[in-house]
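Reading through the structure tokens given below for one structure.
Just so it is clear, none of the values below were taken in a lab; they were calculated from the coordinates. All figures in this text were calculated on a predicted structure; none of them were measured in a lab. Positions of Cβ are generated from backbone atoms using ideal geometry, with glycine treated the same way; all protein chains shown enter the neighbour counts.
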Amino acid sequence: MRNFATQVDRVLAAGLVALAAYLPMPAAAAALDCDRVSAQALEAGAPRASAPRVLALHGSVPIVTMEPFAAFLEAMGYPPERLAHPAGGARSLSSFVDARRFAGEIAWHYERDGVMPVLIGHSQGGMVVIKALHELAGRNGDVPVFDPLAAQVESRTWIVDPASGRRRNVTSLRIGFAAALATGSLPRLLLAQWDVLPLLRDVPDSVVDFSGFAVPWDPIAGTGPYPAPFRATGSARVRNVVLPTAYSHVSLPDVAHLARQPATRAWIDAWQPGTSAPQPVGANVDNLLHAADLWHGIKRQWCLAAQSGRPAS
């Protein structure tokens, strides 16, 4: 009886979300240019509920976790409730997690929040992101939903789509934006994670936009002068960003200072892919480039969700 009531509640909630998607969007959201939107315009015109949940995974040895990255996003104006995991409030998640379970959790978040989450992984965390994308693409068959609040796998491989109110298989979902920071092959060999090596650079159609970041001569990731690029296996839009050699593998998530400095904050908020504006002088610009790139991708997803009333899935 309890399971039946839960299913009824889920269908009713999804139906309300689907109905809301057909209501006229606020004029402020409609006027936003999602490719060039500023943090100020987002805060004024985009509902906080439209902000995707950010699931950030740290590396195998979290000397620096993804907490500084979460602090950066919050200081840039991102809703803090979308940075905290609902099961415990952590803003940096372990990368020692089964990718299939993580894929099932992504589906759970989408059904519950009404917006597809954003995935950001550092080092081994990026490997988990890649593996989860392959699970969502159906590489290993149907994926069961995982409820992180109850910490258990559910006996279903479908969700009630909040965009339509109808059942939808987990393996039909698409993430709007995902990224991997300094995810290399060498650690996979050292940690005996051989199963992921053939997939590590392949980006399947379960994501719309994917950004991969690499540092040349990264001794931990095992890159040489020309890091191996990520490549789309189908329709995913993949960007490969080679960062300066001065950047450190370990400290890539350490970006909180960039939002606290007026000069770097303004530079990041105005940054566009493909541009090469001079970097601010007299400020700490460590990790500036990927911070700007990630902020652009995340705020774009927030804007798109606010305009459509539903995620890009």
- Query: ³J(HN,Hα) across the range 116-133 via Karplus (A = 6.51, B = -1.76, C = 1.60, θ = phi - 60°), whole Hz, x for Gly/Pro?
  - Reply: 5, x, 9, 10, 10, x, 9, 6, 4, x, x, 4, 5, 4, 4, 5, 5, 4
- Taking Glu154, Glu105, Glu81 and counting other beta carbon atoms within 10 angstrom, the fewest-first order is Glu81, Glu154, Glu105
- Query: From the backbone phi of the range 158-165, what are the Karplus-calculated ³J(HN,Hα) couplings (6.51 cos²θ - 1.76 cosθ + 1.60, θ = phi - 60°) in whole Hz, Gly and Pro given as x?
  - Reply: 9, 10, 8, 5, x, 7, 10, x
- Message: How large is the direction-averaged shadow of the alpha-carbon convex hull of the range 80-237, in nm²?
- Response: 9.5
- 5 angstrom amide H check on Arg239, placed H, neighbours 5+ away: Phe210, Ser211, Gly212
- Report the label-to-label distance for Val61 and Arg239 in nanometres (one decimal), using points 7 Å from each Cα along the Cα→Cβ vector. 3.1
- What's the FRET efficiency of Arg260 with Ala30 using the Cβ-Cβ distance as r and R₀ = 35 Å, to the nearest 0.05? 0.60
- Task: Could you tell me what percent of the DSSP beta bridges with both partners in the range 11-308 are antiparallel, to the nearest 5?
- Result: 20
- Task: Could you please rank Trp267, Trp302, Trp295, placing first whichever residue has the fewest other Cβ atoms within 10 Å of its Cβ?
- Result: Trp267, Trp295, Trp302
- Message: Give me log10 I(q)/I(0) at q = 0.09, 0.17, 0.18, 0.19 Å⁻¹ for the range 51-168, Debye formula, one equal scatterer per alpha-carbon, no solvent.
- Response: -0.23, -0.84, -0.94, -1.04
- Task: Pairs of Cα atoms under 8 Å, at least six residues apart: use those to get the relative contact order of the chain, whole percent.
- Result: 22
- Kindly list the residues of the range 196-230 that lie in the label zone of Ser248, defined by a backbone N under 15 Å from the point 7 Å along the Cα-to-C-beta vector. 218-221
- Sum -39500 (n - 2.57) across every DSSP H segment of at least 4 residues in the chain, then divide by the residue count to get the 222 nm mean residue ellipticity, nearest 500. -10500 deg cm²/dmol
- What's log10 of I(q)/I(0) for the range 11-308 at q = 0.06, 0.12, 0.13 Å⁻¹, Debye sum over Cα points only, no solvent? -0.18, -0.75, -0.89
- Note on the structure: The answer for Ile175, listing residues at least 5 apart or on another chain whose modeled amide H is closer than 5 Å to its amide H, is Val207, Val208
- Note to self: C-alpha centroids of the range 64-84 and the range 202-238 sit apart, in Å, by 24
- Order of Ile298, Ile63 under a 10 Å beta carbon neighbour criterion, fewest first: Ile63, Ile298
